[in-house]
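Since the structure comes first, as structure tokens, the remarks are kept for the end.
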Amino acid sequence: MRKAFRWLLALTVLIGTLSTAGAATAAQPATNGTTGTTKTAGDDVLDRLLAIPGMSLIQEKPYTGYRFFVLNYTQPVDHRHPSKGTFQQRITVLHKDTARPTVFYTGGYSVSTTPSRREPTQIVDGNQVSMEYRFFTPSRPAPADWSKLDIWQAASDQHRIFKALKTVYTKKWISTGGSKGGMTATYYERFYPRDMDGVVAYVAPNDVVNDEDSAYDRFFAGVGTKECRDRLNAVQREALVRREPLERKYEAYAAENGYTFTTVGSLDKAYEAVVLDYVWGFWQYSLLSDCDTIPADAKTATDDEIWTSVDTISGFSFYTDQGLEPYTPYYYQAGTQLGAPTIHFPNIEKKYVRYGYQPPRNFVPRSIPMRFERSAMRDVDGWVRHHAHHMLFVYGQNDPWGAERFRLGSGARDAYVFTAPGLNHGANVAGLAADQKALATARILQWAGVASTAVQANPSAARPLATFDAKLDRRDVERDLTLRP
């Protein structure tokens, strides 16, 4: 998993649809003139949050109808040995009302400190707790013992946060996340299946056998239309054919911006990594209708046109030291537990491909030791197949990450895997076919304990309980290094 992170904050898509259902109304906050923070009449939720041992306030930001807190929570570096040091983990709380259900969100990376609402939060009209994944700055122990960055330790972070906040938010809880966040929500459920009342995992990859990636090759052979595939493949090939002049352009670009290539090893390796991410990146973040933006005849396109198309989709800054550094924790996990895809390029002659898809080890500083654990994903996959309960997986038809996905076995109960037609890595419940959208919405409402009698009797009546908010319900497309979920 690896590329296109650079757009993590840049590219957004709207999720959810306008709802005709009314929203539950929380008390409006009033300004406290002494501190500049806000307090809600009758129930100072901030005091209750700060009464939790290890919880401290970083900032409170106003948002109409909510209170939004950025907090630090003291966590053990090693949950198996809590006495061996702690670190401060950043979380946010979008407070609606303690009488409403709560959605526990993680994107699997850094946490945004801007108020936002994930799709399940809008559906259930609830509170939202968001967690920054351990080892993403600033939630990184110092010194950093990288052996303590694994899926069980991260799930245990969530478990401790849940136990602490359950004293304030006592109604039902739903966990959610997209891409690596969807993986995170799934791993949390595997290790602590009694915590949540339901799980909604979006576009979550499931790389069970790290060395077997033929599903991705089959995906790229058939996705979209032949015309679109041919355009993309031609631009990718041409960028390698013109390697010499375009690398001179890359060298000037790097010098102008102060970029270096110590981690990946050379500008040449970085250049090829960006180019080989191009086709994957298009399908992950674009729609079939966007094929019109791809040069129609790569061979007659100018160098600048080839450069611009690759840079727009893949981003030439990403495999620089400066681009990679914020995502060291992701690549470390990809190379120790999560796995990483390897795909082939049948439309490009071997003489043009020097390195191929490079492994996560190439994107992590050599000072950090790594060893791959083959059993981690097999364990989670087996658990989901045989024990999934109150779990919903949503994938996009044209998203490469869906080529290796979670699947349900005979032991799964009240669990579902749905695919949104024509959608990419931004797939959501709102994009599902009508019958699946209604069923998914109804199940989320039921798991959260807020399904009306009408919805329980007829799932087709299910609608999000909160009115769509154009600012609050915007969502960053989960950008995965065209190898990174």
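The values are calculated or read from the model by the stated rules, or taken from the named source; none is laboratory data. Everything quoted here is computed from the prediction, not taken from an experiment. For neighbour counting, all protein chains shown are included, and Cβ atoms are generated from backbone atoms with ideal geometry for every residue, glycine included. Ligands, DNA and RNA are excluded from the accessible area calculation, which covers all protein heavy atoms including side chains. Shrake-Rupley method; radii C 1.70, N 1.55, O 1.52, S 1.80 Å.
For the range 298-310, taking the residues that are touching a residue at least 12 places away in the same chain (Cβ under 8 Å) and assigned to a helix (DSSP H, G or I), the one that is nearest to the chain's Cα centre (by Cα) is identified as Val310. Residues in the range 383-397 that are surrounded by fewer than 24 Cβ atoms within 10 Å (Cβ to Cβ) and closer than 14 Å to Arg443 by Cα: His389, His390. Screening Arg405 with (1) under 17 Å from the mean Cα position of the chain (by Cα); (2) closer than 26 Å to Leu94 by Cβ gives one miss only, at (2).
Of all residues in the range 140-155, which are open to solvent by less than 60 Å² (accessible area, probe 1.4 Å), farther than 14 Å from Tyr332 by Cα and assigned to a loop (DSSP other than H, G, I, E, B)? Correct list: Pro141 only.
Condition check ((1) outside any helix (DSSP H, G or I); (2) under 21 Å from the mean Cα position of the chain (by Cα); (3) within 18 Å of Asp207 (Cα to Cα)) across all residues:
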position	(1), (2), (3)
Thr328	no, yes, no
Thr342	yes, yes, yes
Lys351	no, no, no
Val384	no, yes, yes
Tyr395	yes, yes, yes
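Just checking, does the range 405-422 include any residue being β-branched (Val, Ile, Thr), touching a helix residue (DSSP H, G or I) at 6+ places or on another chain (Cβ under 9 Å), at pLDDT 95 or above and part of a loop (DSSP other than H, G, I, E, B)? No: zero hits. The combined condition, being open to solvent by 30 Å² or more (accessible area, probe 1.4 Å), charged (D, E, K, R) and in contact (Cβ under 8 Å) with a residue 12 or more places away in the chain, is fulfilled by Lys61.
When the range 95-118 is filtered for residues that are more than 19 Å from Arg160 (Cβ to Cβ) and not in a loop (DSSP other than H, G, I, E, B), only His95 remains. Of the residues making up the range 251-262, one or more are modelled with pLDDT of 95 or more and in contact with an Asp or Glu (Cβ under 6 Å, 6 or more places away or on another chain). Scanning the range 68-103 for residues that are over 29 Å from Gly449 (Cβ atoms) and buried (at least 24 other Cβ atoms within 10 Å of the Cβ) yields a total of 0.
Only one entry of Arg194, Arg160, Arg118 meets the criterion of being farther than 21 Å from Glu373 by Cα, free of Cβ contacts under 8 Å to residues at least 12 places away in the same chain and of a type in the set (D, E, K, R), and that entry is Arg194. Restricted to the range 449-465, and to residues there that are aliphatic (A, V, I, L, M) and not in a helix (DSSP H, G or I), the residue that is nearest to Lys172 (Cα to Cα) is Val450.
Reported count of residues in the range 342-382, each being over 30 Å from Ala239 (Cα atoms) and of a type in the set (A, V, I, L, M), is 5.
Give me the helices (runs of 4 or more DSSP H) completely within the range 213-288, filtered to those with at least 3 residues that are acidic (Asp, Glu) and surrounded by fewer than 21 Cβ atoms within 10 Å (Cβ to Cβ), ordered by residue number. Break it down stepwise before answering.
On the way: elements: 214-222, 226-241, 243-257, 267-276, 278-285.
Of the helices (runs of 4 or more DSSP H) lying wholly inside the range 213-288, those with at least 3 residues that are acidic (Asp, Glu) and surrounded by fewer than 21 Cβ atoms within 10 Å (Cβ to Cβ) span 243-257.
Does the range 415-434 contain at least one residue that is open to solvent by 60 Å² or more (accessible area, probe 1.4 Å), more than 20 Å from Met196 (Cα to Cα) and among the hydrophobic types (A, V, I, L, M, F, W, C)? Show your work before the answer.
Filtering the range 415-434 for residues open to solvent by 60 Å² or more (accessible area, probe 1.4 Å) gives 421, 434.
From what's left, more than 20 Å from Met196 (Cα to Cα): 421, 434.
Remaining after also requiring among the hydrophobic types (A, V, I, L, M, F, W, C): 434.
Looking for residues that are open to solvent by 60 Å² or more (accessible area, probe 1.4 Å), more than 20 Å from Met196 (Cα to Cα) and among the hydrophobic types (A, V, I, L, M, F, W, C), one finds at least one in the range 415-434, hence yes.
One line per residue, one yes/no per condition, for (1) open to solvent by 10 Å² or more (accessible area, probe 1.4 Å); (2) not in a loop (DSSP other than H, G, I, E, B):
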| residue | (1), (2) |
| --- | --- |
| Pro120 | no, yes |
| Val129 | no, yes |
| Pro138 | yes, no |
| His159 | yes, yes |
| Tyr169 | no, no |
| Val200 | no, yes |
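Kindly provide the set of residues from the range 361-381 that are open to solvent by 20 Å² or more (accessible area, probe 1.4 Å) and either assigned to a helix (DSSP H, G or I) or touching a His at 6+ places or on another chain (Cβ under 6 Å) (or both), ordered by number. Write out each step before concluding.
Looking only at the range 361-381, we keep the residues that are open to solvent by 20 Å² or more (accessible area, probe 1.4 Å), and these are 361-362, 365-367, 369-375, 378-379.
Residues satisfying the conditions are Arg361, Asn362, Ser375, Arg378, Asp379.
The single residue among Pro295, Pro365, Pro360 that is in contact with a Phe, Trp or Tyr (Cβ under 9 Å, 6 or more places away or on another chain) and of a type outside the set (Phe, Trp, Tyr) turns out to be Pro360. The set of residues from the range 236-251 being in contact (Cβ under 8 Å) with a residue 12 or more places away in the chain and either charged (D, E, K, R) or more than 15 Å from Ser314 (Cα to Cα) (or both) comprises Arg237, Glu238, Val241, Arg242, Arg243, Pro245, Glu247, Lys249, Glu251.
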